[in-house]
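So the structure is just underneath, and the comments pick up after that.
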Amino acid sequence: MKSMAIDILLAVGVLITLLSVLGMWRMRDPYQRMHYISAPAALSAACFTIAIFLQDGLKPEGFKALLTTLVLMGMNTAVTHAAARALRISETKDWNPPPGEEVPLRPEDELVQPEGKQ
Amino acid sequence: MNVWELAAEVMIFTLVPLTWMSIHGDVRQRLVTFYMAGVVITLLMMLLTMAFNRMPMMDLALTLALMSFGGGIVFARFLARYLK
């Protein structure tokens with residue numbers, strides 16, 4: 001039973017990583033590709049950590065794997081935000097939307113008005 | 001061959017499209033691919049540690065995860081500041 005659970009967790013973790021890499025390959029721009037990093041960083045790492053705990057019990061390697069998973073989860077959010085911000089700045093020279101850019105966050109948001117039309 | 005080795009060997013094949021994406025495309029695409037490669041190789045290190053039953057090697061996975069974080073932030077800052 002335990003070995004079957006380990007097999008399933010490893011298969012799920014590897015499958016998530018494979019699908020994420022293939023999904024990343026299919027996407028066109030880096031903003032779309034960025035979304036595919038979160039699945040292996042969170043789900044695959046969690047699956048592998050649970051499998052390690054099941055295999056070895058409460059041993060130091062399991063806690064190291066848990067710490068690695070937590071680092072990957074935290075790193076993913078921070079690095080993805082930093083990368084998206086960097087890509088945005090490299091494209092538009094500024095983090096903030098320029099006048100006239102269409103960036104409504106909610107359906108009821110108004111468009112950013114061009115200068116002189118406020 | 002145990003199940004950990006099998007999982008690691010399948011995971012290695014994910015590095016093929018990542019290598020291709022790291023070579024082709026513009027610098028923005030390659031930066032995102034670099035982040036993904038950091039995550040995949042960290043997971044691979046975890047699997048290889050269990051596959052070869054060399055438990056101190058788990059420190060390498062943890063170190064790589066931490067270093068990828070620092071490297072990712074530095075590359076993002078560099079891209080924003082110098083590659084406009």
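Taken together, the values in this text are just the output of simple stated rules run on the coordinates, not laboratory data. Just so you know, these numbers come straight off a predicted model, no measurement behind them. Cβ sites come from the backbone with ideal geometry, for glycine too, and all protein chains shown count toward neighbours.
At-a-glance table
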item: Residues of type aspartates and glutamates that A:Lys93 reaches as a straight line, Cα spacing below 16 Å, ignoring anything fewer than 8 places off in the same chain; result: A:Glu101
item: Ellipticity estimate at 222 nm from DSSP helix runs (n ≥ 4, -39,500 (n - 2.57)) divided over the protein assembly as shown, nearest 500; result: -24500 deg cm²/dmol
item: Axial C-alpha extent at least 24 Å, average Kyte-Doolittle at least 0.0 - helices from chain B (DSSP); result: B:27-52, B:58-82
item: Net charge contributed by nearby residues that have their C-beta within less than 15 Å of B:Arg54 (K/R +1, D/E -1); result: -2
item: Options B:Ser68, B:Asn2, A:Gly74, ranked by Cα towards positive dipole end of the protein assembly as shown, top entry (Cβ charges); result: B:Ser68
item: Test item: Cα-centred dipole of the protein assembly as shown, Lys/Arg +1 and Asp/Glu -1 on Cβ, debye; result: 380
item: On Cα atoms only, tilt of A:45-56 relative to the major axis of chain A in degrees; result: 10
item: Helix A:60-92 vs. chain A, principal-axis angle (Cα, 0 to 90°, nearest 10); result: 20
item: Neighbourhood net charge (13 Å Cβ-Cβ; Lys/Arg +1, Asp/Glu -1) for B:Tyr35; result: +3
item: Dipole of region A:12-66, positive end: most advanced residue of A:Leu54, A:Ser44, A:Tyr31 [Cβ charges, Cα centre]; result: A:Tyr31
item: Cα-centred dipole magnitude for chain B, charges only on beta-carbon of K, R (+1) and D, E (-1), debye, nearest 20; result: 500
item: Cut-off under 5 Å, modelled amide H: who pairs with B:Thr14 long-range; result: none
item: Among A:Ser44, A:Ser90, A:Ser20, residue whose mean-square fluctuation peaks in a GNM of chain A (springs only between Cα atoms under 10 Å); result: A:Ser90
item: Given charges at Cβ of Lys, Arg, Asp, Glu: region B:3-82 dipole, positive-most of B:Asn53, B:Gln29, B:Val40; result: B:Gln29
item: Dipole moment magnitude, nearest 20 debye, chain A about Cα centre, only Lys, Arg, Asp, Glu C-beta charged; result: 460
item: Per-residue Cβ neighbour rank within 10 angstrom, fewest leading, B:Arg28, B:Arg81; result: B:Arg81, B:Arg28
item: Rounded if a/c under 1.5, otherwise prolate or oblate - chain B, Cα gyration tensor axes; result: oblate
item: Longest exposed-site-free window of chain A, the sites being trypsin sites (Lys or Arg not before Pro) in a DSSP loop that have at most 11 other C-beta atoms within 10 Å; result: A:29-92
item: Highest-fluctuation residue, A:Thr92, A:Thr68, A:Thr80 considered, GNM on chain A with Cα pairs under 10 Å; result: A:Thr92
